[in-house]
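Enquirer: Dropping a structure here in structure tokens format, bear with me for questions.
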Amino acid sequence: RMELSPFGINVVTVQPGAVQSNIGISAEKALAGVLGPNSWYIPYKQTIQDRTTLSQVNSTPADQFATQLVKRLIQIHPPAVIRLGNKSLWLPFLKRWLPIRLMEFILKRRFRLLSK
């Protein structure tokens, strides 16, 4: 952002939340092709599948997301960071207010990544 501003280039970081897409379906197809019977990730297969579809739960319609994003981007002075869509604020909130170890514990528990 700072390095490109002298050239008249404005950089905006977009941190989307859950946006409706086919990412879950695509990820499941890709997963089926890469997880062989000897993969180290076989014990986590269900966790990986669940994670690929999580972003589709209560997701923002793609056209609504795109419309809102364009409105923010075409402002004369767009914000440096745009968080948009359902669930786009909860992770930054956790990161700001929780110690990193606690945040990681919560996320590991949520995604069943705790060591057994």
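The values are calculated or read from the model by the stated rules, or taken from the named source; none is laboratory data. Keep in mind that this is a model prediction, so the values were computed, not measured. Cβ atoms come from the backbone with ideal geometry, glycine included; neighbour counts cover every protein chain shown. The accessibility values were calculated without ligands, DNA or RNA, using every heavy atom of the protein model including side chains. Shrake-Rupley method; radii C 1.70, N 1.55, O 1.52, S 1.80 Å.
Enquirer: Do we have N58 as on the phi > 0 side of the Ramachandran plot, out of contact with any helix residue (DSSP H, G or I) (no Cβ under 6 Å at 6 or more places or on another chain) and modelled with pLDDT of 85 or more here?
Expert: Working: on the phi > 0 side of the Ramachandran plot: yes; out of contact with any helix residue (DSSP H, G or I) (no Cβ under 6 Å at 6 or more places or on another chain): yes; modelled with pLDDT of 85 or more: yes.
Yes.
Enquirer: For region 39-85, which positions are among the hydroxyl-bearing types (S, T, Y) and out of contact with any Lys or Arg (no Cβ under 7 Å at 6 or more places or on another chain)? Explain how you work it out, then say what you get.
Expert: Of region 39-85, the ones among the hydroxyl-bearing types (S, T, Y) are 39, 41, 44, 47, 52-53, 55, 59-60, 67.
Result: S39, Y41, Y44, T52, T53, S55, S59, T60, T67.
Enquirer: Across region 28-54, what is the number of residues that are open to solvent by 100 Å² or more (accessible area, probe 1.4 Å), more than 20 Å from R110 (Cβ to Cβ) and in a helix (DSSP H, G or I)? Spell out the reasoning first.
Expert: Taking region 28-54 as the starting set, the residues that turn out to be open to solvent by 100 Å² or more (accessible area, probe 1.4 Å) are 29, 34, 37-38, 40-41, 43, 46, 51.
From the residues that got through so far, the ones that are more than 20 Å from R110 (Cβ to Cβ) too are 29, 34, 37-38, 40.
Next cut, in a helix (DSSP H, G or I) only: 29, 34.
Count: 2.
Enquirer: For region 77-116, give me each residue that is closer than 29 Å to P43 by Cα, basic (K, R) and not in a helix (DSSP H, G or I).
Expert: K87, R112, K116
Enquirer: Another question, if that's okay. Yes or no: region 89-105 includes at least one residue that is closer than 15 Å to T13 by Cα and either at pLDDT 85 or above or not hydrophobic (A, V, I, L, M, F, W, C) (or both). Working first, answer last.
Expert: First, pick out the residues of region 89-105 that are closer than 15 Å to T13 by Cα: 89, 92.
Filter once more, so that each one left must be either at pLDDT 85 or above or not hydrophobic (A, V, I, L, M, F, W, C) (or both): 89, 92.
The answer is yes; a qualifying residue exists.
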